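First up is the structure itself, then whatever we jot down about it.
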Amino acid sequence: MGVEQIETVVLLFPNIAWTKSQKVAQLQPDISFAQAVNKGALEILSAGFSSGHDIRGFTYVPDLDTKSYCHKLSESLVPNNVTRLADLPRSDFTLVAVAPWINAECTQEYLASARAYPTRAFLFYLPGNSSSKPPHSKSPVWNLEDQGLWKKTNRFSVYAVASTTGTQLMRQLSLYSGNMTQVPDGHVLAALPGGDSRDYVRLYTYIHINYTVGFQMVLYLTIIAGILISIICTATLVLKLVQRLQRSDLQQRMARGEVDLEALGIKRSSIAQLFIDSLPLYICQGAGWHDISKTVPRVQPLAPVSYLSDEDSDDQATGASWKPSTITPPTIPESTLNISPELHCAICANAFEREGLVRRLPCCHTFHAACIELSLQSSTMCPVCRISVLPYDYHPKITNCLVRRERKFRKLQASSARTWQEQADC
Amino acid sequence: MAAKRITREYAEISESPPSGINVSLDNDNVHKWNVVMAGPEGSPYAGGTFHLSLTLPPEYPFKAPVLSFKTRIYHPNVTNDEKGSMCIGILKSESWKPSSKILAVLLAVQDLLREPVPDDALEAQIADKFKNDRPGFERDAKDAVKRWAK
């Protein structure tokens, strides 16, 4: 929002004292006066109350007390016959004041005078011959030594125009102040259709204000919105990336068996029986099993076996109730499994009997097949070393929630680990 | 399988009981043991006789046994009331393993009598006293032994 242009023209205004006609005519510039000051050549000293419309009004010079010092000072700058309030029709027309900026005191007097009437704007100019743009509104030239109070007191806007512009305006105000016969080209104007010598011919000022949001503003807003969106996008992206890294880290630690899945509420029941079946299954056989002298018993891998109980193991060994192979038989090295026959199953505390079925976990701990199957129904961990028996690539669906839960659990564990370290007997 | 293993463990402990520990079955129920434990020498509980109750769940050894003091005891890790509930690392669900044995649990209780763990206490006041006023704690523990565990 800002002033686009200050335009001053000459209006032919019917004298309502003798005619009912309200027809106001703007005179052609070739037989009158017209002046336009673009926004580049003016300075806004203070913005008044904005009504949302262009500011307009009869151009005039506010009266000063004829006895005042300022009145004397301005005599050389303001011609005697300049348009004053008295030269305008007695009506409630709005006004635009013009005056030279002589000094702080006189400006205050002019402003005070203008405030008494429906003045909508005030144009000031510095006395002189300069045609350049007036000094910046922050310049000390415009200081009225009242800490800017004057800017708040006025209801109207105050503008500064170039010295030559102001001087020219002042000269025209002196030309268009009398009746029609006295104004320039008065005889031409009086001869116009509908014209009358008693009509008013006065300067009228429009201050065109641009209320539309400038293109630059739109550009700035777009840039700011763009920056905000990109910040949000970047933050989201970084967050997603961090979460993804955390998830893959958890997955790797799960694969390494470092995560207590049960503590996280992931139970064995979620794991397919197929996996249990894929654990290496052996049958202990050979005469040397109970023979201490033969420390390395022969152990043969078997195809998956439907398993009933360890009492039935002898039947199993005969192969009477073997199920057809539905999954890949587990593979083991060529060499036999090295289990000392003195070892007991850690679950049932019984020794590994001859011809008994045993399963071996990835951590190399061996149990009776029935025992470990029972154990795996309630726990995913090796009953001896608590290492996860899940396959390397097995992991539950890892969610961000799971990552948080695991982190919280780890913290809890770290604090209790100090306390119970001495009691852990793995 | 549970009963079989418990019977075997009971037999092992009965045959060669660790010093200061005696076990018997409660009404021939293998899932409920009565344990008599002598206060370990060198601890404030020396000279006392403590009765404990050991309950083995049907899911044993996949679930941890439950152990409580029937004799009242002044100890940071045992509630100082009639229940005598206790907090011991090996029995915590996150550290219990099916391969853990009852003998290990009983030995852990003995260790706990020798050296309380004030950082994991059930009785905060006793734990504070243990940490800040060791002689006072030992005096109180001995008094409690005289009163309840003779």
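The values are calculated or read from the model by the stated rules, or taken from the named source; none is laboratory data. Worth saying up front: this structure is predicted, and the values here are computed from it rather than measured. Neighbour counts run over all protein chains shown; Cβ positions are idealised from the backbone, glycine included.
The residue that is surrounded by the most Cβ atoms within 10 Å (Cβ to Cβ), counting only those in the range B:1-18 that are in contact with a strand residue (DSSP E or B) (Cβ under 8 Å, 6 or more places away or on another chain) and of a type in the set (Ser, Thr, Tyr), is B:Tyr10. Of all residues in the range B:94-146, those that are of a type in the set (Lys, Arg) and either under 30 Å from A:Gln377 (Cβ atoms) or within 19 Å of the chain's Cα centre (by Cα) (or both) total 5. Within the range A:54-76, the residues that satisfy the criterion of being surrounded by fewer than 15 Cβ atoms within 10 Å (Cβ to Cβ) and of a type outside the set (Val, Ile, Thr) are A:Asp65, A:Lys67, A:Ser68, A:Tyr69, A:Lys72, A:Glu75, A:Ser76.
Of the residues making up the range A:359-379, those that are at pLDDT 75 or above, buried (at least 19 other Cβ atoms within 10 Å of the Cβ) and over 22 Å from B:Thr7 (Cβ atoms) are A:Arg359, A:Arg360, A:Leu361, A:His365, A:Thr366, A:Leu376. Scanning the range A:68-87 for residues that are under 15 Å from A:Ala112 (Cβ atoms) and not hydrophobic (A, V, I, L, M, F, W, C) yields a count of 4. Yes or no: the range B:3-18 includes at least one residue that is within 14 Å of chain A (Cβ to nearest Cβ) and closer than 26 Å to B:Asp119 by Cβ. Checked the range B:3-18: no residue is within 14 Å of chain A (Cβ to nearest Cβ) and closer than 26 Å to B:Asp119 by Cβ. Restricting to the range B:53-69, name every residue that is in contact (Cβ under 8 Å) with a residue 24 or more places away in the chain, in a strand (DSSP E or B) and crowded, with 21+ Cβ neighbours inside 10 Å. B:Leu67 - this is the single residue of the range B:53-69 that is in contact (Cβ under 8 Å) with a residue 24 or more places away in the chain, in a strand (DSSP E or B) and crowded, with 21+ Cβ neighbours inside 10 Å. Does A:Lys152 satisfy the criteria of being in the same structural domain as A:Ala25 (by TED's automatic domain parsing), exposed (fewer than 13 other Cβ atoms within 10 Å of the Cβ) and basic (Lys, Arg)? Judged against the criteria, A:Lys152 is a match. The lone criterion from (1) buried (at least 20 other Cβ atoms within 10 Å of the Cβ); (2) touching a residue at least 40 places away in the same chain (Cβ under 8 Å); (3) away from chain A (no Cβ under 14 Å) left unmet by B:Gly47 is number (1). Let me confirm something: among A:Ala121, A:Ala162, which residue is touching a helix residue (DSSP H, G or I) at 6+ places or on another chain (Cβ under 8 Å) and assigned by TED's automatic domain parsing to the domain that holds A:Leu88? Matching residue, one of A:Ala121, A:Ala162: A:Ala162. Among the residues making up the range A:390-406, those that are at pLDDT below 75 and either in contact with a helix residue (DSSP H, G or I) (Cβ under 8 Å, 6 or more places away or on another chain) or surrounded by 20 or more Cβ atoms within 10 Å (Cβ to Cβ) (or both) are A:Leu390, A:Pro391, A:Tyr392, A:Asp393, A:Tyr394, A:His395, A:Pro396.
Within the range B:76-90, residues that are part of a helix (DSSP H, G or I) sit with their Cβ atoms under 7 Å from residues that are at pLDDT 85 or above and of a type in the set (Val, Ile, Thr), at 6+ positions apart or across chains, in these pairs: B:Ile90/B:Val105. Taking the range B:7-34 as the range and being part of a helix (DSSP H, G or I), among the hydrophobic types (A, V, I, L, M, F, W, C) and touching a residue at least 60 places away in the same chain (Cβ under 8 Å) as the test, only B:Ile13 passes. Across the range B:95-109, the number of residues qualifying as more than 9 Å from chain A (Cβ to nearest Cβ), surrounded by 20 or more Cβ atoms within 10 Å (Cβ to Cβ) and in contact with a Pro (Cβ under 9 Å, 6 or more places away or on another chain) comes to 3. Flag not set for B:Asp111, criterion: over 26 Å from B:Asn22 (Cα atoms) and either assigned to a loop (DSSP other than H, G, I, E, B) or among the acidic types (Asp, Glu) (or both). Quick one: in the range A:62-87, which of the residues that are in a helix (DSSP H, G or I) and touching an Asp or Glu at 6+ places or on another chain (Cβ under 7 Å) is nearest to A:Cys106 (Cα to Cα)? Once the filter is applied, the top-ranked residue is A:Cys70.
All of B:Arg147, B:Arg134, B:Arg72 fail the test of being surrounded by 15 or more Cβ atoms within 10 Å (Cβ to Cβ), of a type in the set (Lys, Arg) and away from chain A (no Cβ under 14 Å), apart from B:Arg72.
Can you pull out the residues in the range B:110-120 that are surrounded by 16 or more Cβ atoms within 10 Å (Cβ to Cβ) and more than 10 Å from chain A (Cβ to nearest Cβ)? Scanning the range B:110-120 gives B:Gln110, B:Leu113, B:Pro116. Once the range A:351-384 is narrowed to residues that are within 54 Å of the chain's Cα centre (by Cα) and over 24 Å from B:Ala104 (Cα atoms), the residue that is nearest to the other protein chains (Cβ to nearest Cβ) is A:Gln377. Residues that are more than 19 Å from A:Thr205 (Cβ to Cβ) and β-branched (Val, Ile, Thr) were ranked within the range A:160-194; the one that is surrounded by the fewest Cβ atoms within 10 Å (Cβ to Cβ) is A:Thr181.
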